[in-house]
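Data first, discussion second: the structure below is written as structure tokens.
Every number in this text was worked out from the coordinates using simple rules, so none of it is lab data. Bear in mind the structure is a predicted one, so any value in this text is a computation, not a measurement. With ideal geometry, Cβ positions are generated from the backbone for all residues, glycine too; neighbour counts draw on all protein chains shown.
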2 protein chains.
Amino acid sequence: MPQGQVTSVPEDGLTTRQRRNRPLLVVHTGAMKGKSTAAFGMALRGWNQGWSIGVFQFVKSAKWKVGEEEAFRALGWVHEQTGEGGPVEWHKMGAGWSWSRKRGDEEDHAADAAEGWAEIRRRILAEQHRVYVLDEFTYPLKWGWIDVHDVVDVLVNRPGHQHVIITGRDAAPELIEAADLVMETTKVKHPMDAGQKGQRGIEW
Amino acid sequence: MPQGQVTSVPEDGLTTRQRRNRPLLVVHTGAMKGKSTAAFGMALRGWNQGWSIGVFQFVKSAKWKVGEEEAFRALGWVHEQTGEGGPVEWHKMGAGWSWSRKRGDEEDHAADAAEGWAEIRRRILAEQHRVYVLDEFTYPLKWGWIDVHDVVDVLVNRPGHQHVIITGRDAAPELIEAADLVMETTKVKHPMDAGQKGQRGIEW
């Protein structure tokens, strides 16, 4: 149920139906927590449509299991068991990408990040998924490990109907410019202000 | 992985562990979409902890099926089948609350909302769930259908370790004051600005 109002009709030559079904590039950015949470919440809707979901986590340690990962793996299992929802793949740079031969020992995060993007680019060109969550993808862009112009070129020209959701602080201006939907979560009040640390089930 | 920094230690007489495990009252408010999405993303983490999840939707029509509902019902099924994660209950005012005898015909939304809150209050006092999502709960408060002082009193004094997540625009000041964590999602850029309407898998 959209809460916004359509305030103008663009002169892009598309019908409402064409615009309605336009694949989206979504960026969740800003300094506050909640970016990944919001992205995964959005992916739940795609799962329910029976869409193939591909999650690619660029920074977090493999050892650090998030609740969302377990929940999405469970939803992938539901799809395999019952046909309900869509298939789910979840890949993590921190664990060594699952498709990669080299593992663990070599600590070259820049190369790992570039390899992750190369695989995502291949999948986008092959229209492998309907929803891509590129979690914390803004950081390898910021650190120059992946070329933002290549990313924008692939995303803007991606074939078919593939939604791409990117999270992370300090999203590059080129990415913001290319995005259809940019969300920023603002802290109004947070328990860490009162000296509280993160807790299980809430922060992870 | 908490992204915030602890900037002060409160003089509340609690140990760090006590503060860490303090149950949270979370409010997702603001004019933009993404509030419910963020709340359900947070509930995924609770599910993964094996916690009992209770969702109570106060406004949306029963006919309007959200992807999150199907996904959480699937996760509840996973719990029943395998013991993984936690149990899930999903109740909707629009369908007539599932525990209620009266259904459909009588169109008294104010009474329905009050009945919903009465049941939630019973459950909180009985410590029935570990996570409550009160979706679009700010509206019946705003419209005077439910007394905000009663709500705040029950929430502030709730027993045990129950997290409560409330969504909706225009959260009452009393609720903001009582909350531990208040999140507001800000639009930076949205496709509806370009004349696009909501689409399946993204908006619902």
request  = Starting from a label point 7 Å past Cα on the Cβ side, list the distances from A:Gly160 to the same position in the other copies, nm, shortest first.
outcome  = 4.6
7 Å along Cα→Cβ, label-point gaps from A:Lys142 to other copies, nm, shortest first = 3.4
task = Find every distance from the label point of A:Trp77 to the corresponding label point in the other copies (7 Å from Cα along Cα→Cβ) and write them in nm, one decimal, shortest first.
result = 1.4
Shielding of A:176-182 by partner chains, average beta-carbon count, 10 Å = 4
ask   = Considering the rotational relationship between chains A and B, which residue of chain A contributes the beta-carbon of minimal distance to the axis, and what is that distance to the nearest Å?
value = A:Gly41, 2
inquiry  = My understanding is that a pair violates if its Cα-Cα distance is over 19 Å; which of A:Lys35/A:Lys92; A:Lys92/B:Lys35; A:Lys35/B:Lys35; A:Lys142/B:Lys35 do that in this structure?
reply    = A:Lys92/B:Lys35; A:Lys142/B:Lys35
ask   = Among B:Arg73, A:Arg45, which comes first, second and so on when ranked by fewest other beta-carbon atoms within 10 Å?
value = B:Arg73, A:Arg45
inquiry  = Based only on other Cβ atoms within 10 Å, what is the fewest-to-most ordering of A:Lys92, B:Lys35?
reply    = A:Lys92, B:Lys35
message = Roughly how far apart, in whole Å, are the Cα centres of the range B:38-59 and the range A:37-55?
response = 16 Å
Only Lys, Arg (+1) and Asp, Glu (-1) charged, at Cβ; the range A:22-194 dipole about Cα centre in debye = 400 debye
